[in-house]
Amino acid sequence: MDAFAAITRMKLTLSNVTRWLDKAEAHGQARAFDPGTLLVARLAPDQYPLIRQIQSACDSAKFAAARLSGKEAPRNPDTETTLAEIRARIDATVAYLETFSESDFAGAEKRVVPLSFMPGKGLRAKDYLWEMSVPNFFFHVSHAYAILRHNGVDVGKADFVAPMTILDL
C-alpha cells in the first residue's frame, strides 16, 4: 500500500503550493494589484475558489495520514481569508505530516476507513488511499495550480512536479 510514500508526496506537493503562492504575490506586485484577490478566483462558477481548493488539499492530506495511521487529525475551521492565513494552514498541515514515520502506518492494510458521507459504509485503507484520498488531493492541488495559471501567474510543470531526486549517470 505504501501509505508513507503517498503522505510524503502530499507533503512535498503542499510545499510546492507555498512556492506557487510566492509567485502569485510577485505576479500581483508586478502588475500593481492585491495578490490576495486571487484567493477568490475560480475556474468555473460552480467550483471552489483558490482558497477552498488549498484548504481541501490540506484536509485531504491530513485526513489520509490520520485515518491510515489510526490517529486523530487536527481540526481546522476554514476561516482563512488572506495569503498569510492560507500559508499558515499549509505550514501547519506540512508540520503535522512531518510527525508521521513509516512505522505509524504499520497494520494500515487491515483498517477500514468509515465514509462520513455514506453512513454505515467504508473503504479498506488501501482503497481509501488510492481510490479516494490521493485522487482527491491531486484534484484540489491541480485546480489551485490551474486557477493561478489561468490568472497569469508564472507557474509551470516544473513547479508542479518538483522536487525531484536527480542522479548523476
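Quick rundown of the values:
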read-out: Output for the range 24-47, where each listed residue is more than 18 Å from His143 (Cβ to Cβ) and charged (D, E, K, R); value: Glu25, Arg31, Asp34
read-out: Condition met for Arg111 (free of Cβ contacts under 8 Å to residues at least 24 places away in the same chain and basic (Lys, Arg)); value: no
read-out: Matching residues, the range 48-65, being part of a helix (DSSP H, G or I) and of a type in the set (Phe, Trp, Tyr); value: Phe63
read-out: Search result, residues across the range 50-91 that are crowded, with 21+ Cβ neighbours inside 10 Å and farther than 16 Å from Leu14 by Cβ; value: Arg67, Leu68, Ser69
read-out: Residue in the range 156-169 that is assigned to a loop (DSSP other than H, G, I, E, B) and under 17 Å from the mean Cα position of the chain (by Cα) present; value: yes
read-out: Odd one out for Ala108, checked against (1) surrounded by 13 or more Cβ atoms within 10 Å (Cβ to Cβ); (2) over 26 Å from Asn151 (Cα atoms); (3) within 19 Å of the chain's Cα centre (by Cα); value: (3)
read-out: Selected residue (criterion: nearest to Arg9 (Cα to Cα)) from residues of the range 101-116 that are assigned to a loop (DSSP other than H, G, I, E, B) and either of a type outside the set (S, T, N, Q) or at pLDDT 95 or above (or both); value: Ser101
read-out: Any pair with Cβ under 7 angstrom, 6 or more apart, that starts in the range 68-91 at a residue that is closer than 20 Å to Leu50 by Cα and ends at one that is among the basic types (Lys, Arg) and assigned to a helix (DSSP H, G or I); value: Asn76/Arg89; Glu80/Arg89
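Matching residues to (1) farther than 30 Å from Leu38 by Cβ; (2) among the basic types (Lys, Arg); (3) outside any helix (DSSP H, G or I):
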{"position": "Lys71", "(1), (2), (3)": "yes, yes, yes"}
{"position": "Pro74", "(1), (2), (3)": "no, no, yes"}
{"position": "Thr93", "(1), (2), (3)": "no, no, no"}
{"position": "Thr99", "(1), (2), (3)": "yes, no, yes"}
{"position": "Met118", "(1), (2), (3)": "yes, no, yes"}
{"position": "Lys126", "(1), (2), (3)": "yes, yes, no"}
{"position": "Phe137", "(1), (2), (3)": "no, no, no"}
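The values are calculated or read from the model by the stated rules, or taken from the named source; none is laboratory data. Just so it is clear, the structure is predicted and the values come from calculations on it, not from any experiment. Methodologically, a virtual Cβ is constructed for each residue, glycine included, from the backbone with ideal geometry; neighbour enumeration extends over all protein chains shown.
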